[in-house]
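Colleague: Got a structure for you, questions after.
The values are calculated or read from the model by the stated rules, or taken from the named source; none is laboratory data. It should be emphasised that the depicted structure is a prediction, and the values quoted were computed from it without experimental measurement. Using ideal geometry, Cβ is built from the backbone for each residue, glycine included, and neighbour counts are taken over all protein chains shown. Note: accessible area is taken over every heavy atom of the protein model, side chains too, but ligands, DNA and RNA are not part of it. Shrake-Rupley method; radii C 1.70, N 1.55, O 1.52, S 1.80 Å.
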2 protein chains.
Amino acid sequence: MTNQSKRKTLLAALGGNALIRSGQAGTAEEQFENLRVPLSQIADLSREYNIIITHGNGPQVGNLLLQQECCDAVPRLPLEILVAQTQGQIGYMIESTLDSELMKLGIDSTPLVTLITYVVCDQSDPAFKNPSKPIGPVFTETEASALPYPTKETSKGRRRVVVSPEPVTIVEKLEIKKLIGTGFIVICCGGGGIPVIREERAFSGVDAVIDKDLVSAKLCEEVDVDIFVIASDVTHVALDYGTPDQINLDRLTVADAERYLKEDRFPAGSMGPKVEAAVRFIKTCRDKRAVITSIEHIADAVRDDFGTQFVAT
Amino acid sequence: MTNQSKRKTLLAALGGNALIRSGQAGTAEEQFENLRVPLSQIADLSREYNIIITHGNGPQVGNLLLQQECCDAVPRLPLEILVAQTQGQIGYMIESTLDSELMKLGIDSTPLVTLITYVVCDQSDPAFKNPSKPIGPVFTETEASALPYPTKETSKGRRRVVVSPEPVTIVEKLEIKKLIGTGFIVICCGGGGIPVIREERAFSGVDAVIDKDLVSAKLCEEVDVDIFVIASDVTHVALDYGTPDQINLDRLTVADAERYLKEDRFPAGSMGPKVEAAVRFIKTCRDKRAVITSIEHIADAVRDDFGTQFVAT
């Protein structure tokens with residue numbers, strides 16, 4: 001095995017479409033099949049780079065919430081435990097698919113681990129006063145009024161909204177660094193991590209969801225990642241996305257990206273946090289790389305500068 | 001940090017009652033509170049031993065199955081993925097509780113990880129022809145006849161039965177050994193591990209449940225555990241359990257245990273596999289220790305030979 005401490009480290013943050021494509025119901029078969037697209041590329045990249053994989057969990061946690069609503073016979077579990085369940089589920093699906101992609105390439109000695117990860121947030125974060133992130137199923141007004149938690153009208157209909165605080169630190173950062181340093185491929189921070197707050201010397205879970213791209217940016221900073229790839233459903237960050245005037249951006253300086261963010265040029269629930277995450281990493285670690293592209297182009301983005309590359313200046 | 005490679009390694013296999021006590025509904029609060037009993041002892045034992053924790057998932061996977069049955073809007077997931085979900089859920093609950101118990105003792109530098117674990121079983125295992133392990137909710141005869149899988153009349157009523165094959169090997173054994181060797185406390189093999197079969201060079205999940213004590217025994221053998229503690233709801237293995245003639249056993253030789261197993265002196269669904277697991281480990285690793293006791297007496301069993309201690313001869 002080569003000396004991992006001398007290799008560069010790549011973090012790939014996989015969006016929800018790595019698992020469930022638009023229009024799919026989300027069967028296990030569909031999710032396993034979809035995962036081959038990013039993971040075959042990541043398996044190949046693991047020859048050159050130390051690898052960390054993070055992932056979203058929107059549809060999966062939504063399904064668990066929906067099942068809880070349907071079933072009175074089982075005690076409802078708090079959101080942080082549902083996030084933990086999706087870390088197990090998706091972690092297993094990623095790990096076993098990656099395992100098989102590595103074997104196809106004849107790479108059979110790389111150890112893989114999926115870590116249950118929790119992320120500290122700050123109880124004084126103003127987000128706790130304003131639940132804003134929609135999750136789970138759509139309710140009628142009558143159903144919503146009987147629910148024990150806040151809901152909000154969204155583009156899809158009335159949905160539960162939860163607190164989405166800033167990530168302060170990843171609890172397992174030292175473990176992750178140690179694992180990477182000894183040659184492990186690490187799958188972690190699923191669904192943005194299990195959100196916890198510090199209470200005296202211990203942690204306790206909170207009913208919240210942390211943005212998975214912002215958590216990934218924090219992890220990049222905390223474990224010295226060299227290349228941060230945010231992979232979702234579009235090849236490039238674009239201005240005027242979806243209009244005849246759409247402009248795909250190949251390169252984005254921190255200053256330009258911050259200006260566009262301030263001008264609300266990117267959709268709040270989707271591209272906004274991704275650009276924010278890339279900017280935060282490059283602002284803190286100016287000599288590192290961040291790129292946003294589609295799950296089909298992860299290897300192109302790393303090797304051939306495809307997608308939208310973020311630069312300090 | 002002391003040199004872990006010179007310390008003895010302890011594996012504690014926690015039974016379902018470590019999380020949900022008899023008569024409880026199984027809320028998150030109850031499960032966190034119950035876990036303090038075994039984990040405060042394990043936190044203290046971690047000063048002397050390398051620690052591996054495995055655990056059951058019966059009630060938790062049963063609840064997920066029940067929720068799936070209630071909810072037509074969400075695609076049903078195969079059993080192996082539900083096991084993965086419970087590994088995330090319970091792993092998080094164990095890890096965060098253990099974290100807080102370690103901190104209470106002023107032990108704050110020990111790294112903890114929860115690993116998603118899969119376990120290989122053999123498709124030619126005769127168990128695949130005879131689904132026998134009851135899991136999940138109770139159905140009426142009419143409901144059962146409409147189900148797409150086999151059911152069986154049990155002491156609780158008609159329930160789904162699944163295949164319960166022998167564990168062949170733990171996929172992450174090298175990872176676990178490496179982590180233990182570098183000082184990690186490892187939580188793994190939840191619910192008996194995610195059952196997979198080898199297909200050419202890759203793995204694929206199967207609809208089965210592997211016994212968590214038998215998997216734990218296999219792991220003890222594969223990662224050189226020195227002391228194997230099986231913790232459940234009774235202080236000792238007993239003959240004529242629950243009768244006026246009950247005899248608690250302090251010490252059990254492999255030969256005696258095998259004879260009692262052959263004579264069906266232990267209940268098949270509960271104490272039988274635990275005794276079988278202890279015997280398998282001591283038969284293979286004759287100079288090591290195995291003990292069965294209650295979750296209240298883990299430390300006593302390790303330090304003062306409490307419970308039923310298994311010996312080679």
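Colleague: Output the number of the condition that B:K173 fails; it satisfies all remaining conditions of (1) within 14 Å of chain A (Cβ to nearest Cβ); (2) touching a strand residue (DSSP E or B) at 6+ places or on another chain (Cβ under 8 Å).
Modeller: The failed condition is (2).
Colleague: Kindly indicate the residue of the range A:137-147 that is of a type outside the set (A, V, I, L, M) and within 14 Å of chain B (Cβ to nearest Cβ) and also nearest to A:Q123 (Cα to Cα) among those meeting that condition.
Modeller: A:P137
Colleague: Right, A:S164: within 26 Å of A:S232 (Cβ to Cβ) and touching a helix residue (DSSP H, G or I) at 6+ places or on another chain (Cβ under 8 Å) or not?
Modeller: Here the answer is yes, as A:S164 does meet what is asked.
Colleague: Is there any pair linking a residue in the range A:16-41 that is on the phi > 0 side of the Ramachandran plot and within 14 Å of another protein chain (Cβ to nearest Cβ) to one that is assigned to a helix (DSSP H, G or I) and open to solvent by less than 40 Å² (accessible area, probe 1.4 Å), with Cβ under 8 Å and at least six apart or on different chains, and which?
Modeller: As it stands, the answer is A:G26/A:Q60, since those pairs meet every condition given.
Colleague: Considering the range A:162-188 alone, what residues qualify as being assigned to a loop (DSSP other than H, G, I, E, B) and either modelled with pLDDT under 95 or open to solvent by less than 20 Å² (accessible area, probe 1.4 Å) (or both)?
Modeller: Correct list: A:S164, A:P165, A:P167, A:V171, A:E172, A:T182, A:G183, A:F184, A:C188.
Colleague: Would the range B:97-115 turn up any residue that is touching a strand residue (DSSP E or B) at 6+ places or on another chain (Cβ under 8 Å) and among the small types (G, A, S)?
Modeller: The answer is yes, given that some residue of the range B:97-115 is touching a strand residue (DSSP E or B) at 6+ places or on another chain (Cβ under 8 Å) and among the small types (G, A, S).
Colleague: Among the candidates A:R36, A:R76, which residue alone is in a loop (DSSP other than H, G, I, E, B) and of a type in the set (D, E, K, R)?
Modeller: It is A:R76.
Colleague: Please verify whether A:P150 is open to solvent by 60 Å² or more (accessible area, probe 1.4 Å) and not aliphatic (A, V, I, L, M), treating the condition exactly as stated.
Modeller: yes
Colleague: Just the residues that are out of contact with any helix residue (DSSP H, G or I) (no Cβ under 6 Å at 6 or more places or on another chain) and open to solvent by less than 40 Å² (accessible area, probe 1.4 Å), please, taken from the range B:262-284.
Modeller: Within the range B:262-284, B:M271, B:G272, B:A278 qualify.
Colleague: While we're here: For the range B:286-308, enumerate the residues that are among the aliphatic types (A, V, I, L, M) and closer than 14 Å to B:A43 by Cα.
Modeller: Selection gives B:I295, B:I298, B:A299, B:V302.
Colleague: In addition: Would a scan of the range A:9-21 turn up a residue that is surrounded by 24 or more Cβ atoms within 10 Å (Cβ to Cβ) and assigned to a helix (DSSP H, G or I)?
Modeller: Yes: one or more hits.
Colleague: Mind listing whichever residues of the range A:75-103 are aliphatic (A, V, I, L, M), under 19 Å from B:C71 (Cβ atoms) and either open to solvent by 10 Å² or more (accessible area, probe 1.4 Å) or more than 11 Å from chain B (Cβ to nearest Cβ) (or both)?
Modeller: Selection gives A:L77 alone.
Colleague: Against the conditions (1) in a helix (DSSP H, G or I); (2) within 8 Å of another protein chain (Cβ to nearest Cβ), where does B:F128 fall short? Just the number, please.
Modeller: (2)
Colleague: Going through A:S46, A:S145 one at a time, which residue ends up being touching a residue at least 60 places away in the same chain (Cβ under 8 Å) and open to solvent by 10 Å² or more (accessible area, probe 1.4 Å)?
Modeller: The conditions single out A:S46.
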